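Undergrad: What follows is a single structure, and I will ask about it in a moment.
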Amino acid sequence: MAFSPLATPGATLDVLRAHGLYTRKSLGQHFLVDNNVVARITELAALTATDPVLEIGPGIGTLTVALCAEAGSVVAVERDARLMPVLEDTLGECGNVTVVHADAVDVPLERLDTPLGLPVALVANLPYSVAATVVLRFFEESPSLRFAVVMVQAEVADRMTAGPGTKQYGSYTVKLGLHAEPGARFPVPRSCFLPPPRVDSAVVRLDRTDRGVAPEVLGSAARMADAAFAQRRKTVRNSLTSALGATPDEVEAVLAAAGVDPARRAETFSIGEYLTLGSAALKSGLLP
């Protein structure tokens, strides 16, 4: 568990004023100003002195300082060029951090290498506009990533942790669930940010899971989930037929091979069933 000297409204305003900056909502910047939340994030992450850690959207370095005290090395990806000199100032005493000026949506993974290797953890107060996208991206593309502890909109946290049969359960839930399982979660009040956002937030932990299948099956399962949820009010037979441009007979054959009732809807399928569907689709040639 660690704290940050920057996690107060006064300290945050002092830093922003010293650099002549104002918050920029277009980049989803809401600075964390509550040390209790910083402590709970680092406690949930349970980092060790040998862990290389990725942070996305460090802002002025509030959480970064705490991460540097806990982790072996930290690589922080910041999109806003105006914050680079701020981070150089606030992280000046942190000898184990590298700040990368890039967009986390498409930053090459090789730019995230640290003296201890590629990150094994993603710990961040994520910019709301890209939170769901970057979490899925790094679980899909970065094999070294073992877990994530991320602050996101409560609505996004609901999608990350939803179960079959719920309104929040969708193709994103399935695609993330192919790679990670949700763990602990806690809410974060709007008053913990400067400026306060207009939405509720939550911190959630996600741990990588091994589904025991080949990468191409994972990819096929993700494509089947996208197709099944493309028209979620329709039966899976009709939705897959429409979304994949396949014939009803081709879809029926895949569903039969997977042991799936074609009259079911996308939100009723477990992640395991999507893996079965993905495998059947590959074997049948429904998906190239």
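Undergrad: From the list V53, V38, V77, pick out the single residue that is within 23 Å of the chain's Cα centre (by Cα), buried (at least 19 other Cβ atoms within 10 Å of the Cβ), aliphatic (A, V, I, L, M) and within 21 Å of P196 (Cα to Cα). First the steps, then the outcome.
TA: On the way: V53 fails: within 21 Å of P196 (Cα to Cα); V77 fails: within 21 Å of P196 (Cα to Cα).
Of V53, V38, V77, the one residue that is within 23 Å of the chain's Cα centre (by Cα), buried (at least 19 other Cβ atoms within 10 Å of the Cβ), aliphatic (A, V, I, L, M) and within 21 Å of P196 (Cα to Cα) is V38.
Undergrad: Any residue in the stretch 82-111 that's in the same structural domain as A18 (by TED's automatic domain parsing): show its pairings with residues that are of a type in the set (S, T, N, Q) and assigned to a strand (DSSP E or B) at Cβ separation under 6 Å, as long as the two are six or more apart or on different chains.
TA: N96/S73
Undergrad: Considering each of R237, R185 in turn, give the residue that is without any contact (Cβ under 8 Å) to a residue 40 or more places away in the chain, charged (D, E, K, R), surrounded by 15 or more Cβ atoms within 10 Å (Cβ to Cβ) and assigned by TED's automatic domain parsing to the domain that holds F269.
TA: That would be R237, the only listed residue that is without any contact (Cβ under 8 Å) to a residue 40 or more places away in the chain, charged (D, E, K, R), surrounded by 15 or more Cβ atoms within 10 Å (Cβ to Cβ) and assigned by TED's automatic domain parsing to the domain that holds F269.
Undergrad: Can I ask one more? Would you list the helices (runs of 4 or more DSSP H) that sit entirely within the stretch 80-196 and hold 3 or more residues that are over 15 Å from the mean Cα position of the chain (by Cα)?
TA: The qualifying helices (runs of 4 or more DSSP H) are 84-90.
Yes/no per residue for (1) under 18 Å from L218 (Cβ atoms); (2) among the charged types (D, E, K, R); (3) exposed (fewer than 14 other Cβ atoms within 10 Å of the Cβ):
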| site | (1), (2), (3) |
| --- | --- |
| S242 | no, no, no |
| G245 | no, no, yes |
| P248 | no, no, yes |
| A253 | no, no, no |
| E267 | no, yes, no |
| L275 | yes, no, no |
| A281 | yes, no, no |
| P288 | yes, no, yes |
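Undergrad: Follow-up. Looking only at the stretch 120-145, how many residues end up being within 20 Å of L63 (Cα to Cα) and out of contact with any Phe, Trp or Tyr (no Cβ under 8 Å at 6 or more places or on another chain)?
TA: Of the residues in the stretch 120-145, 12 are within 20 Å of L63 (Cα to Cα) and out of contact with any Phe, Trp or Tyr (no Cβ under 8 Å at 6 or more places or on another chain).
Conditions tested, residue by residue: (1) surrounded by 15 or more Cβ atoms within 10 Å (Cβ to Cβ); (2) within 24 Å of S73 (Cα to Cα); (3) not β-branched (V, I, T).
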| residue | (1), (2), (3) |
| --- | --- |
| V105 | no, yes, no |
| L112 | yes, yes, yes |
| L122 | yes, yes, yes |
| L126 | yes, yes, yes |
| L136 | yes, yes, yes |
| A162 | yes, no, yes |
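Undergrad: Which of (1) touching a Ser or Thr at 6+ places or on another chain (Cβ under 9 Å); (2) farther than 25 Å from S129 by Cα; (3) at pLDDT 95 or above is the odd one out, the single condition A76 does not satisfy?
TA: (2)
Undergrad: Of the residues G20, G28, which single one is within 19 Å of the chain's Cα centre (by Cα), surrounded by fewer than 22 Cβ atoms within 10 Å (Cβ to Cβ) and at pLDDT below 90?
TA: Values: G20 fails: within 19 Å of the chain's Cα centre (by Cα).
Checking each option against the conditions leaves just G28.
The values are calculated or read from the model by the stated rules, or taken from the named source; none is laboratory data. As the structure is a prediction and not an experimental result, all values here were calculated from the model. Methodologically, a virtual Cβ is constructed for each residue, glycine included, from the backbone with ideal geometry; neighbour enumeration extends over all protein chains shown.
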